[in-house]
Amino acid sequence: MVSWTLKQQRDPKVLNRLQRTQESIYAQLQCLIPDWQAADGYWVSQAPSSQPLHVEMLEVHPYTTFLHMTHHFDGPTPIVSQPEAHVRCYHDLRIAEVTAFDVVQGIERVAHPKLPARAVQELSWQRNRSLEKWLQYLLDKGHCRSTMRASRSTAGHLEATFGKKNVATI
């Protein structure tokens, strides 16, 4: 039988720190997201002193929302998106957690019966703390609900920003 809980490895201080961070992330997202129930929501925020922020609602359910946030930069390839933050928001609990910051993290296994619970907690806290800092940076740069503009699609906005030729090569 596999046990996911190892009492000797739980650290209440890490769990409390993680929960406070997730509450802070949710509060910061409340300042950015104009409509939590937009099933096909895609917004772009253009703050004067920052790269455009792209926010896409990937899944919308009554108590949870899964979203993707990124900046698009011109780079060696036509468009570079960084960071690639995937965030799951739990509206009834008023917390949000980062599930990945890039494609590799999106498929990386972060929980397994053989992994120490404390290590999984610490990794989760580090990722969520990084998201919290990035969200604070975005808010400090002037991104907010009032700077968010609805866009009909990811491709449509990318074409308007970078040109049809560059987007076709993605």
TODO: Express in nm, to one decimal, how much length is gained between Gln46 and Arg129 on full extension, taking 0.36 nm for each residue of separation and deducting their alpha carbon distance.
DONE: 27.5 nm
TODO: In whole Hz, with x marking every Gly and Pro, tabulate ³J(HN,Hα) for the stretch 23-35 from phi via Karplus 6.51 cos²θ - 1.76 cosθ + 1.60, θ = phi - 60°.
DONE: 5, 5, 4, 4, 4, 5, 5, 4, 7, 9, 7, x, 8
- [ ] Along Cα→Cβ, 7 Å out, is where each label goes; now give me the distance between the ones at Lys141 and Ala38 in nm to one decimal.
- [x] 1.9
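All of the numbers you see were taken from the coordinates with simple rules; none came from a lab. Bear in mind the structure is a predicted one, so any value in this text is a computation, not a measurement. Please note: Cβ atoms are built from the backbone with ideal geometry, for glycine as well, and neighbour counts cover all protein chains shown.
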